[in-house]
Amino acid sequence: MSMEEIGRYRCTGDDGTPLTVVEYRYIFTTESEAGVRRQPGSRWLSLLDGEPVRYIDAETFEVTGSGELLRRELATPRN
C-alpha cells in the first residue's frame with residue numbers, strides 16, 4: 001500500500017494566517033497475470049505539518065485538534 005497527494009487547497013485561518021490543506025489517498029496495488037492494478041483507497045486531509053483536518057463544506061475546513069476554521073481561497077473568474 002502506498003499513498004499519493006491528490007490536491008492542495010490554499011486557506012486562511014481564523015486569525016488571517018495563510019495555510020495549506022493537503023488531500024491524500026491510499027493506493028492499493030495488486031499484481032496478477034493480467035498486469036498491475038491500482039485501486040484507490042480512503043482519502044484524508046491534513047495541514048502541511050501533518051495536523052489532521054476535516055472537511056466542513058466546499059469553502060470550509062476545520063483543524064480537528066483546535067477547532068480552528070479554515071476558509072478556502074476560491075479562484076476568481078477572469079474576464
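The values are calculated or read from the model by the stated rules, or taken from the named source; none is laboratory data. These numbers were taken from a predicted model, which means no experiment stands behind them. We place every Cβ from the backbone using ideal geometry, glycine too, and count neighbours over all the protein chains shown. Each accessible area value is taken on the protein alone, full model and side chains, heavy atoms only, with ligands, DNA and RNA left out. Shrake-Rupley method; radii C 1.70, N 1.55, O 1.52, S 1.80 Å.
Summary of computed values
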quantity: Residues of the range 11-26 classified as without any contact (Cβ under 8 Å) to a residue 24 or more places away in the chain, assigned to a loop (DSSP other than H, G, I, E, B) and not acidic (D, E), total; calculated: 2
quantity: Answer residue from the range 63-73, given it is in a loop (DSSP other than H, G, I, E, B) and among the charged types (D, E, K, R) and is modelled with the lowest pLDDT among those; calculated: E73
quantity: Selected residue (only one of R72, R8 is free of Cβ contacts under 8 Å to residues at least 40 places away in the same chain and of a type in the set (K, R)); calculated: R8
quantity: Hits in the range 46-69 - residues which are of a type in the set (A, V, I, L, M), over 11 Å from the mean Cα position of the chain (by Cα) and over 12 Å from G13 (Cα atoms); calculated: I56, A58
quantity: Among the residues listed as T12, T76, T60, the single one being loosely packed, with under 14 Cβ neighbours inside 10 Å and at pLDDT 95 or above; calculated: T60
quantity: Lone qualifier among S2, S46, S42 - being of a type outside the set (D, E, K, R), open to solvent by less than 80 Å² (accessible area, probe 1.4 Å) and at pLDDT below 95; calculated: S2
quantity: Residue list for the range 28-39, restricted to those being at pLDDT below 90 and either open to solvent by less than 90 Å² (accessible area, probe 1.4 Å) or of a type in the set (S, T, N, Q) (or both); calculated: S32
quantity: Some residue of the range 27-49 being at positive phi and assigned to a loop (DSSP other than H, G, I, E, B); calculated: no
